[in-house]
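Enquirer: Take a look at the following structure, please.
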Amino acid sequence: MTKTTHTPVLLQETIEALAVQPGGRYIDCTVGGGGHAAAILKHSSPGGQLLGIDADPDALKKANRKLAPHYSSSILLINDNFVNLQNICIKYDFFPVHGILFDLGLSSLQLSDRERGFSFQQDSPLDMRFSPDQDITAADIVNTFTENRLASILATFGEESYSKQIARNIIRERPVTSTRQLAGIVEQTIGNRRGKIHPATKTFQALRIAVNQELKNLQSALKQAVDILGFEGRLVVISYHSLEDRIVKQFMRQEAKDCVCPPEAPKCICDHKASLRLASRKVITPSPAEIYYNPRSRSAKLRVAERVSNQSEYFDATEEYSLPDDFDTRGWRKPALLKKLKVTFSAS
Ligand SMILES: C[S@@+](CC[C@H](N)C(=O)[O-])C[C@H]1O[C@@H](n2cnc3c(N)ncnc32)[C@H](O)[C@@H]1O
């Protein structure tokens, strides 16, 4: 059955982690159904500004409808991949900001959409792309990649211990065109040895990550996000599996250090300066009540860090970059109170 709503995960915790304030400007890099975005707009009113990004044009249409009651605030919704975060911010002159949110993965709406092929609960073509503009679908991967490459994807992105056996059987059954066919191959290969978890869960996760280059894009976008944050701006990331969470945890810890030399180095030669401070050392997870009402939230992990200055000068970016000629600037302004860090990226 197609779901018509997506329940935002760790909603109150996200608003607190972002330290949303009236008049603040925020970026929601995964605007989805607009649940977190609506709460950000509510708490940043009056005068809040939101730039929402999503790779999926359908998600953006839904977000547009959901956010319509907030149109007295400034909202800009952009259909793009967050791997282009920096360029988007330069194009729309939207930096520095008070907070950036990544709520990773896919929404309940996408999961239950028959056309998208994200789920084995219904039979659909093997697509799994967040955006129809992407070239490679899951069907392309299962039907054209070599056995070794397929096994490596299942092992690396699904942490699937039976990757070789599954890859071998996929190759044997080619062409594999539908979600149910693929789930059936995995089930026949490894049986039902994972208790409540469907045996094909890891295979589907691996293919989705590979199709959308999720880990690579996340690594790149996190780096870009730090440069876009103003002084004391918050970076908040909600992840749903250990591969994503490991990237976020390592990135934040690394960026919170003044030296990243190997421990055996006799003296510091790295010149690294902390750009973040861990705003909460502990990972934030949903309460039992949230998991009860929204079981999809059970694997969520929220991490938050705050931008610190490693630079002595502040700098007004408005003089350096100009808005595109066709950009509607009504209601768009640079926030007066946001201390700006020297912007470290250059306009492309
Ligand atoms: C978990 S949902 C977000 C739900 C949203 N926070 C809400 O409250 O409705 C994740 C969204 O991120 C989008 N997404 C995932 N990776 C993306 C990327 N690299 N660039 C842009 N959007 C992405 C998906 O299309 C999906 O709509």
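Taken together, the values in this text are just the output of simple stated rules run on the coordinates, not laboratory data. All values reported here derive from a predicted model rather than from experimental measurement. As a convention, Cβ positions derive from the backbone with ideal geometry for all residues, glycine included, and neighbour counts pool all protein chains shown.
Enquirer: Would you look at the GNM of the chain, springs on alpha carbons closer than 10 Å, and say which of 55, 17, 289 moves the most?
Expert: Most flexible of the set in this elastic network: 289.
Enquirer: Here is a further query. What residue among 280, 52, 126 has its Cα farthest toward the positive end of the dipole of the chain, where the charges are +1 on Lys, Arg and -1 on Asp, Glu, each on the Cβ?
Expert: Among 280, 52, 126, the one farthest towards the positive end of the dipole of the chain is 280.
Enquirer: Would you mind checking which residues have amide H under 5 Å from residue 97's amide H? H placed 1.01 Å from N; only 5 or more apart, or other chain.
Expert: Counting only residues 5 or more places away or on other chains, the set is 229, 230.
Enquirer: Can you tell me the equivalent ellipsoid semi-axes for the chain? Use √(5λ) from the Cα gyration tensor, largest first, whole Å. Write down the numbers at each step before the final one.
Expert: Working: eigenvalues 263, 118, 72 Å².
Sorted largest first and rounded, they come to 36, 24, 19 Å.
Enquirer: Only counting other Cβ atoms within 10 Å, I'd like 91, 257 sorted with the fewest neighbours first. Could you put the intermediate results ahead of the total?
Expert: On the way: 91 17, 257 14.
Sorted ascending by nearby Cβ count, the order is 257, 91.
Enquirer: Moving on. Dipole magnitude of the chain about its Cα centre, charges +1 at Lys/Arg Cβ and -1 at Asp/Glu Cβ only, in debye to the nearest 20?
Expert: Numbers: 45 positive and 39 negative charges, 225 e Å.
That gives a dipole near 1080 debye.
Enquirer: Taking the Cβ of each residue in 179, 146 as the centre, tally the other Cβ atoms inside 10 Å and list the residues starting with the fewest.
Expert: Numbers: 179 25, 146 10.
Ranked by crowding around the Cβ, least crowded first: 146, 179.
Enquirer: Among 177, 143, 203, whose Cα lies farthest out toward the positive end of the dipole of segment 115-212, if unit charges sit on the beta carbon of Lys, Arg (+1) and Asp, Glu (-1)?
Expert: Highest projection toward the positive end goes to 203.
Enquirer: Here's another thing I want to ask about it. Mind checking which aspartates and glutamates have their Cα closer than 18 Å to the Cα of residue 62? Skip sequence neighbours fewer than 8 apart in that chain.
Expert: In chain and number order, the partners are 28, 54, 80, 103, 113, 115.
Enquirer: Using r as the Cβ-Cβ distance of residue 87 and residue 254, and R0 as 25 Å, what FRET efficiency do you calculate, to the nearest 0.05?
Expert: Working: r = 24 Å, r/R0 = 0.96.
After rounding, the FRET efficiency stands at 0.55.
Enquirer: Further, regarding this structure: What residue among 266, 46, 96 shows peak mean-square fluctuation when the chain is described by a Gaussian network model with Cα springs under 10 Å?
Expert: 266
Enquirer: Quick one: 36, 6, 272, fewest Cβ neighbours within 10 Å first, how do they rank?
Expert: Values: 36 28, 6 24, 272 15.
Starting with the residue having the fewest Cβ neighbours, the order is 272, 6, 36.
Enquirer: Now for a separate question. Under 10 Å, Cα contacts only: if you run a Gaussian network model on the chain, which one of 180, 246, 116 comes out with the highest mean-square fluctuation?
Expert: 246
Enquirer: Holding the Cα-Cα limit at 31 Å, pick out from 42/223; 91/273; 202/257; 66/301 the pairs that are longer than that.
Expert: 202/257
Enquirer: Would you be so kind as to identify which of 97, 18, 155 lies farthest towards the positive end of the dipole of the chain, taking Lys and Arg as +1 and Asp and Glu as -1 on Cβ and the Cα centre as origin?
Expert: 155
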